[in-house]
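These notes concern the structure reproduced below.
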Amino acid sequence: MIIDTHAHLYAKEFDDDIDEVIIRAKSLGVDKILLPNIDCSSIDSLHNLCQKTPDLFYPMMGLHPCSVNESWESQLKEIEGKLFSNKYIAVGEIGMDLYWDKSFIKQQQRALKIQIEWAIALDLPIVIHARDSFEEIFNVLECFDSKQLKGVFHCFTGGEEEVKRIRSLGDFLFGIGGVVTYKNSNLPSTLNSLSLDELIVETDAPYLSPVPYRGKRNESSYIVEVITKLASIYHVSIDEVSKKTTLNAEKLFNLKSFKL
């Protein structure tokens, strides 16, 4: 069985065919799909999808860094209320993104720190979005005791130096998605410094579709392409990649004992 540890299947891109998307995913062995939140506008659609198919979808709650703007404090207040009054498998998707806009860098750092504090209080893992922002995120993580931190660097695209830093900051896994299949990706060489025991797999649907679907809408069934690529890199069977990454995800997110 396969776990897609990061997908936004509640997004509007799936409004017309979510049932078919689910069928395709299940037909290829995907039996769990983890849903990170984006901001206050996505909460209802995320909850609705989880309630519709609770045996497949597992919710997270957090404020995405690209949604940190003038209203970030009021958004965090609403998200805090949801997080502490409902059940979630993680605090996410949180982090920093300095690719598109650097004008809210201080607010992104503050929002990240606050949400990490919530995760520690609730003993939940964090799901970190890091784009052009590793150093800034590391500066926030270093404010905490590494023994308190656990989670995943979603859509990891760093190099060996980032791997070393992340290992020193807490109990983190590395989320590998469609980028690993791209011809110009440095991930295959970086994976030489990572074992399968440190990886989980994800799609980030509807974004970052793997080859041969690059440029099209991503969906959870395409995670098979990521697993196939990892099997080639590590010179193991597809079944072994599926089993190891599934066990890693189950442990990190405590999935076997989670119920809405």
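Count of region 10-30 residues, restricted to those that are acidic (Asp, Glu) and in contact with a strand residue (DSSP E or B) (Cβ under 7 Å, 6 or more places away or on another chain), is 0.
Taking region 191-221 as the range and being of a type in the set (Ser, Thr, Tyr) and either open to solvent by 20 Å² or more (accessible area, probe 1.4 Å) or out of contact with any helix residue (DSSP H, G or I) (no Cβ under 6 Å at 6 or more places or on another chain) (or both) as the test, the residues that pass are Ser193, Ser195, Tyr207, Tyr213. Screening region 49-101 for residues that are among the aromatic types (Phe, Trp, Tyr) and not in a helix (DSSP H, G or I) and picking the one that is surrounded by the most Cβ atoms within 10 Å (Cβ to Cβ) gives Tyr88. Which residue out of Val179, Val163 is free of Cβ contacts under 8 Å to residues at least 60 places away in the same chain, closer than 23 Å to Arg217 by Cα, in a helix (DSSP H, G or I) and hydrophobic (A, V, I, L, M, F, W, C)? Result: Val179 is the single residue among Val179, Val163 that is free of Cβ contacts under 8 Å to residues at least 60 places away in the same chain, closer than 23 Å to Arg217 by Cα, in a helix (DSSP H, G or I) and hydrophobic (A, V, I, L, M, F, W, C).
Taking each residue of region 63-80 that is of a type in the set (Val, Ile, Thr) and looking for partners that are open to solvent by 10 Å² or more (accessible area, probe 1.4 Å) and part of a loop (DSSP other than H, G, I, E, B) with beta-carbon atoms closer than 6 Å, six or more apart or interchain, yields Val68/Phe104. Just one of the numbered conditions (1) closer than 24 Å to Phe172 by Cβ; (2) surrounded by 15 or more Cβ atoms within 10 Å (Cβ to Cβ); (3) out of contact with any Ser or Thr (no Cβ under 7 Å at 6 or more places or on another chain); (4) β-branched (Val, Ile, Thr) is not true of Val224: (1).
When region 23-38 is filtered for residues that are out of contact with any Pro (no Cβ under 9 Å at 6 or more places or on another chain), free of Cβ contacts under 8 Å to residues at least 40 places away in the same chain and either outside any helix (DSSP H, G or I) or of a type outside the set (D, E, K, R) (or both), the ones remaining, listed by number, are Ile23, Asp31.
The values are calculated or read from the model by the stated rules, or taken from the named source; none is laboratory data. No experiment lies behind these values; they were computed from the predicted model shown. Positions of Cβ are backbone-derived with ideal geometry, glycine not excepted, and every protein chain shown enters the neighbour counts. Just the protein is used for accessible areas: all its heavy atoms, side chains included, with ligands, DNA and RNA removed. Shrake-Rupley method; radii C 1.70, N 1.55, O 1.52, S 1.80 Å.
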